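Participant: Following this message is one structure expressed as structure tokens.
The values are calculated or read from the model by the stated rules, or taken from the named source; none is laboratory data. All values derive from a computational prediction rather than experimental measurement. Here the Cβ positions follow ideal geometry from the backbone for every residue, glycine too, while neighbour counts run over all protein chains shown.
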């Protein structure tokens, strides 16, 4: 099936997006929209392009991260530092449904292409704005990347073990969540437009979606004054839960996060009486005795190979998983059928696999990931199409 016919099936078929964003979060938003049928035109500096093209890891000069986020988009080269370039963006914005941008708040306004200006030309325009701290508030003008969001949101403080420093993740966690959230906000604004004909301005701060995810610690602090610390692989809210090493050195996770699963875990361990033990009968008392309970579960796991443990846990319907590395994921038939897709059209990378859409829609088979655009590759094509 060709790219055009697949795109026509998507829920966002016919939606045109102008992506002014660079690096990670805003292009993630663009990819989310493109995954479900939108035509995404990526505006890049004609010389340097998106800095994400320089990210490692690389193969034959092609950034793998850039390829993952930008496959299937069209690239046009426009110099936004020039008056002519900004005028061209304004004219293009009048012909699209969505503009995504990730400049520091106020920059578009300084350039004369802020929301009020773009909306005057295109009342139905959705302007999705991704920034470090949002378009409002005392910190609005501060620069921000994912690391700042991961530390400022509180995530890094609770991530790790009590004896280790606060830890940021080794990937674009905050950026990714912000990009997905920006796509959700864009979709909501497009829905509103379908009912009212009016566009909207969507404001995403990198830290806010991540702060939402860890929000229980804020409720806990304001309710009890307790500052949540680092608890390693535990949640601090349910027991037993964690990552354990089997006798063959391989790792697995167990999440006995409700009473039924905890009971089935004790049965799987051959210790059904533990659910009647006053120390382990409820989650509240299990948390009070978490260290000793984790020791019991850990010792049970450590006495057997991982495959044997997982087979027993599956039999008793205990929530569990092996701890996968990249090779495990690629070899797994479930992920191969449902999640991983082939990224093609890049001579530099060859045949590679990447995660596909983050959700599935019955009416839509999903896009192809065919072709990583060169800087400005589609400039003439897009200008002829939109401004002719």
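Participant: Quick one: which residue in 87, 116 is at pLDDT 95 or above, farther than 25 Å from residue 184 by Cβ and outside any loop (DSSP other than H, G, I, E, B)?
Facilitator: 87
Participant: Can you tell which of 358, 318 is assigned to a loop (DSSP other than H, G, I, E, B), closer than 23 Å to residue 38 by Cβ and touching a helix residue (DSSP H, G or I) at 6+ places or on another chain (Cβ under 7 Å)?
Facilitator: Values: 318 fails: closer than 23 Å to residue 38 by Cβ.
Result of the check over 358, 318: 358.
Participant: Which residue pairs have Cβ atoms under 9 Å apart, sit 6 or more places apart or on different chains, and have a first residue in region 120-147 that is assigned by TED's automatic domain parsing to the domain that holds residue 187 and without any contact (Cβ under 8 Å) to a residue 60 or more places away in the chain and a second that is surrounded by fewer than 16 Cβ atoms within 10 Å (Cβ to Cβ) and in a loop (DSSP other than H, G, I, E, B)?
Facilitator: Once the first residue is assigned by TED's automatic domain parsing to the domain that holds residue 187 and without any contact (Cβ under 8 Å) to a residue 60 or more places away in the chain and sits in region 120-147, its partners that are surrounded by fewer than 16 Cβ atoms within 10 Å (Cβ to Cβ) and in a loop (DSSP other than H, G, I, E, B) give 121/94; 140/104; 140/106; 141/104; 141/106; 142/104; 143/104.
Each row is one residue, and each column tells you yes or no for (1) within 17 Å of the chain's Cα centre (by Cα); (2) buried (at least 22 other Cβ atoms within 10 Å of the Cβ).
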residue: 22; (1), (2): yes, no
residue: 29; (1), (2): yes, yes
residue: 40; (1), (2): no, yes
residue: 43; (1), (2): no, yes
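Participant: Evaluate the following for residue 242: is it within 24 Å of the chain's Cα centre (by Cα), over 16 Å from residue 306 (Cβ atoms), in contact (Cβ under 8 Å) with a residue 12 or more places away in the chain and surrounded by 13 or more Cβ atoms within 10 Å (Cβ to Cβ)? Working first, answer last.
Facilitator: Working: within 24 Å of the chain's Cα centre (by Cα): yes; over 16 Å from residue 306 (Cβ atoms): no; in contact (Cβ under 8 Å) with a residue 12 or more places away in the chain: yes; surrounded by 13 or more Cβ atoms within 10 Å (Cβ to Cβ): yes.
No; evaluated as a whole, the condition is false for this residue.
Participant: While we're here: Based on this model, can you work out whether residue 234 counts as touching a strand residue (DSSP E or B) at 6+ places or on another chain (Cβ under 7 Å), assigned to a strand (DSSP E or B) and either in the same structural domain as residue 179 (by TED's automatic domain parsing) or surrounded by 12 or more Cβ atoms within 10 Å (Cβ to Cβ) (or both)? Quick ask: steps written out before the conclusion?
Facilitator: On the way: touching a strand residue (DSSP E or B) at 6+ places or on another chain (Cβ under 7 Å): yes; assigned to a strand (DSSP E or B): no; either in the same structural domain as residue 179 (by TED's automatic domain parsing) or surrounded by 12 or more Cβ atoms within 10 Å (Cβ to Cβ) (or both): yes.
No, not satisfied.
Participant: Restricting to region 237-257, name every residue that is out of contact with any strand residue (DSSP E or B) (no Cβ under 9 Å at 6 or more places or on another chain) and under 19 Å from residue 162 (Cβ atoms). Write out each step before concluding.
Facilitator: If we filter region 237-257 for residues that are out of contact with any strand residue (DSSP E or B) (no Cβ under 9 Å at 6 or more places or on another chain), which is where we start, we get 237, 239, 247-249.
Selection gives 237, 239.
Participant: Only one residue in 22, 28, 56 is touching a residue at least 24 places away in the same chain (Cβ under 8 Å) and either in a loop (DSSP other than H, G, I, E, B) or on the phi > 0 side of the Ramachandran plot (or both), so which one is that?
Facilitator: Values: 28 fails: either in a loop (DSSP other than H, G, I, E, B) or on the phi > 0 side of the Ramachandran plot (or both); 56 fails: touching a residue at least 24 places away in the same chain (Cβ under 8 Å).
The match here is 22.
Participant: Identify the single condition in (1) crowded, with 16+ Cβ neighbours inside 10 Å; (2) under 19 Å from residue 238 (Cα atoms); (3) out of contact with any helix residue (DSSP H, G or I) (no Cβ under 9 Å at 6 or more places or on another chain) that residue 293 does not satisfy, given that it satisfies every other one.
Facilitator: (3)
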